[in-house]
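One structure is given here, and the rest of the page talks about it.
The values are calculated or read from the model by the stated rules, or taken from the named source; none is laboratory data. Given the structure is predicted, the values throughout are model-derived calculations rather than measurements. All Cβ positions, even for glycine, are placed from backbone atoms using ideal geometry, and neighbour counts span all protein chains on display.
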Amino acid sequence: MDDRVKNIINGIFPITENSFQLIKELLVFETYKKGETFIQRNKRNEKEYFILSGVCKSYLINPEGDEITISLFTENSVLSPFQIRTSKSISNLNFKALTDLKLASIDAKNFESLMIENLEIRNFANTVLQNELISKVEKEIGLASLSAKERLIDFRKRYKMLENIIPHPDIASYLGITNISLSRLRKDLME
């Protein structure tokens, strides 16, 4: 499992073996079942996460009680950084496993200390932060400027095969459309 974390890190910003060993010593491995919310909004959460296998989402509950999908996270990636998803160590969002999920986590304060001490780890963390910002902006631009059909096509390019793995209401919510609209669009695109 350590190799998977190393591959995730090196896929984002390559670091030396010595730098990786500093991270490796602090890793804790966690598993969650499909449907399990592993980070709750308004609850304390002080970890950084690497997604080793599975798919999860960040979401909020709207006034009608529906889950609104904000972001999707797939295996071999990192969850939104601690600095972005929390305020004073309190989670701003819920995070739920959409499939069985294997994670590696590290205490956020310990990780921050590593960032201060180690330039490679700092550059890795800054690249993660930058990628998260780019992803959020791209999603906002898509919601504002693309048709629902174009958003689905873009989703398929970005998340190949995810449509066959996770519940369609989560995809519809992520795309900003109803599940019925998603069904129609999928049918249209098959023809």
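Quick notes on this one:
- Members of the range 159-176 that are aliphatic (A, V, I, L, M) and either within 13 Å of SER71 (Cβ to Cβ) or in a helix (DSSP H, G or I) (or both): LEU162, ILE166, ILE171, ALA172, LEU175
- Helices (runs of 4 or more DSSP H) contained entirely in the range 1-118, each with at least 1 residues that are under 26 Å from ASP170 (Cβ atoms) and outside the structural domain of LYS160 (by TED's automatic domain parsing): 2-12, 82-85
- Every residue from the range 43-69 that is farther than 16 Å from ASN110 by Cα, surrounded by 14 or more Cβ atoms within 10 Å (Cβ to Cβ) and either in contact (Cβ under 8 Å) with a residue 60 or more places away in the chain or of a type in the set (S, T, N, Q) (or both): SER53, VAL55, LYS57, SER58, TYR59, GLU67, ILE68, THR69
- Exactly one residue out of LYS102, LYS149 is among the charged types (D, E, K, R) and either more than 24 Å from PHE38 (Cβ to Cβ) or modelled with pLDDT under 95 (or both): that is LYS149.
- Filtering the range 40-54 to residues that are under 12 Å from the mean Cα position of the chain (by Cα) and not small (Gly, Ala, Ser) leaves GLU48, TYR49, PHE50, ILE51, LEU52.
- Looking only at residues in the range 81-95 that are farther than 14 Å from ILE70 by Cα and among the hydrophobic types (A, V, I, L, M, F, W, C), the one that is surrounded by the fewest Cβ atoms within 10 Å (Cβ to Cβ) is ILE90.
- Test: residue in the range 132-154 that is among the hydrophobic types (A, V, I, L, M, F, W, C), assigned to a helix (DSSP H, G or I), touching a residue at least 40 places away in the same chain (Cβ under 8 Å) and closer than 24 Å to GLY54 by Cα: no
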